[in-house]
Amino acid sequence: MADTWIDEHAPAIAARAERDLEALVAVSSPSGDAQAAEEVVAVATALAPDAAEVDRIPCSSPEHAPDLLLTVRGTGPRRVLLLGHLDTVIAHRAHIPPQRRGRRVLGSGTIDMKAGDALALGVLRALAGRPEVGEAALLLVNDEEWRIGPFGHVARFAGFDACLCFEAGERDRTGEDAVVVRRKAAASIRVEAHGRSSHSGSAPDKGINALLALAEVAQAVAALHEPRGADRLTAVPTIIRSGEALNVVPGSGELVCDVRADSLEALRAVLDAVPAEACGARIEAQLQREWPGMDARESTSAVLARAAGTLGRPVVPAQRGGASDASHFAAAIPVSIDGLGPRGGHAHAPEEFVDLDSLLPRAQVALAVADAVLRAG
């Protein structure tokens, strides 16, 4: 029966996702632009199942448009959360509208993650008819790409039977379909240097160079980078801003570092290693954008085995270094599975694309995983 359900719905989901993802990508929706978020939310709402309840719930980030929650209800015992985001990192001026090149769709936000949103909408339609479903919800947030504060939605969905997130899919080294069940913790370290300005020609030594101080801190953070160590820590300085004129010793500046590891404690240790003073400048540092780690290998193994048995091909557990909102839910919903979206590449870059030929097999994987959740217990 399960394979019949998949055979019935997967081709329709894949075919419709080709059009739906183009409609979503056509709207430029960078994080923080409330008007743009309203436009893409309107598109997603128009693509929702007819039976879905439409709710707007407060976004985790202030001054952002409310997030979108689509819910279908039934009389069964199972509750499933589908998860995605509608915002991108691409500014309006750099937005690339959808364009087809062979069996690819290029465009801003295609693989991260509007194609995944399109598949999630299709899976929600399919779940609407399953007798085991008591509640199937699709949460599409507007601030995933640049959220600084805490994530605000975990309590609402705590106790659901599964969280299925539709970030980009992948294959393992042997070519088998993989889903993500392990992610690193992630955060940003924001460093401010407070020095003293002076004329760089007539009085260079009367200044305290904030730029040099930030460079010293950047080197200190980078020295902790140890991706093959016990914590699998990556510590990468990514942004530095200092100086306002070519003939002035910079009196202040800012450094941002991207840090990731198996635990938030390892990231806090990097913060603790930032000196209070460098090159004579006062240093202030704080940890921002804290994303917990996710390790659902054990809690999802039976679900993936059941899904593979239904599909007749492996569904392989994988790990990924990038952050995802699924990590926030993993502690409250042990069966949290990510990477259920289609395959593609070049996320956050002008060449970003989604592979249209991956839509059908990835729809099959997503439905098989959802079916395995519904039949659990």
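Key figures
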quantity: Count of segment 134-172 residues which are of a type in the set (D, E, K, R) and loosely packed, with under 15 Cβ neighbours inside 10 Å; calculated: 3
quantity: Residues that are more than 25 Å from Ala126 (Cβ to Cβ) and either touching a helix residue (DSSP H, G or I) at 6+ places or on another chain (Cβ under 8 Å) or among the basic types (Lys, Arg) (or both), drawn from segment 28-49; calculated: Ser28, Ser29, Pro30, Ser31, Gly32, Asp33, Ala36
quantity: Segment 266-300, residues that are hydrophobic (A, V, I, L, M, F, W, C), assigned to a helix (DSSP H, G or I) and within 15 Å of Asp338 (Cα to Cα); calculated: none
quantity: Test for Pro97: is it under 27 Å from Ala370 (Cβ atoms), of a type outside the set (Ser, Thr, Tyr) and part of a loop (DSSP other than H, G, I, E, B); calculated: no
quantity: Single residue of segment 304-326 satisfying the filter (of a type in the set (A, V, I, L, M, F, W, C) and more than 15 Å from Asp177 (Cα to Cα)) that is modelled with the lowest pLDDT; calculated: Ala323
quantity: Output for segment 339-377, where each listed residue is outside any helix (DSSP H, G or I), touching a helix residue (DSSP H, G or I) at 6+ places or on another chain (Cβ under 8 Å) and either hydroxyl-bearing (Ser, Thr, Tyr) or under 27 Å from Thr4 (Cβ atoms) (or both); calculated: Leu340, Gly341, Pro342, Arg343, Ala376
quantity: From Ala349, Ala276, Ala363, residue being of a type in the set (Gly, Ala, Ser) and touching a residue at least 40 places away in the same chain (Cβ under 8 Å); calculated: Ala363
quantity: Residue in segment 109-124 that is in a helix (DSSP H, G or I), farther than 18 Å from Ser324 by Cβ and in contact with a strand residue (DSSP E or B) (Cβ under 9 Å, 6 or more places away or on another chain) present; calculated: yes
quantity: Residues of segment 224-262 classified as more than 18 Å from Leu287 (Cβ to Cβ) and touching a residue at least 60 places away in the same chain (Cβ under 8 Å), total; calculated: 2
quantity: Segment 189-224, residues that are under 30 Å from Met294 (Cα atoms) and either part of a helix (DSSP H, G or I) or at pLDDT below 95 (or both); calculated: Val217, Ala218, Gln219, Ala220, Val221, Ala222
quantity: Every residue from segment 91-146 that is charged (D, E, K, R), over 22 Å from the mean Cα position of the chain (by Cα) and more than 23 Å from Glu63 (Cα to Cα); calculated: Arg100, Arg101, Arg103, Arg125, Arg130, Glu132, Glu135
quantity: Any hit, segment 187-204, residues being under 30 Å from Ala137 (Cα atoms) and of a type in the set (A, V, I, L, M, F, W, C); calculated: yes
quantity: Odd one out for Ser324, checked against (1) crowded, with 19+ Cβ neighbours inside 10 Å; (2) over 19 Å from the mean Cα position of the chain (by Cα); (3) not aliphatic (A, V, I, L, M); calculated: (2)
quantity: Qualifying residue in segment 76-86 (condition: of a type in the set (Val, Ile, Thr) and not in a loop (DSSP other than H, G, I, E, B)); calculated: yes
quantity: Residue in segment 282-298 that is over 30 Å from Gly195 (Cβ atoms), surrounded by fewer than 22 Cβ atoms within 10 Å (Cβ to Cβ) and either of a type in the set (A, V, I, L, M, F, W, C) or touching a Pro at 6+ places or on another chain (Cβ under 8 Å) (or both) present; calculated: yes
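Quick grid of which residues meet (1) under 23 Å from the mean Cα position of the chain (by Cα); (2) surrounded by 21 or more Cβ atoms within 10 Å (Cβ to Cβ); (3) in the same structural domain as Leu106 (by TED's automatic domain parsing):
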position	(1), (2), (3)
Ile6	no, yes, yes
Ala17	yes, yes, yes
Asp20	yes, yes, yes
Gly32	yes, no, yes
Val41	yes, yes, yes
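The values are calculated or read from the model by the stated rules, or taken from the named source; none is laboratory data. Worth saying up front: this structure is predicted, and the values here are computed from it rather than measured. In this analysis, Cβ positions are derived from the backbone assuming ideal geometry, glycine residues included, and neighbour counts consider all displayed protein chains.
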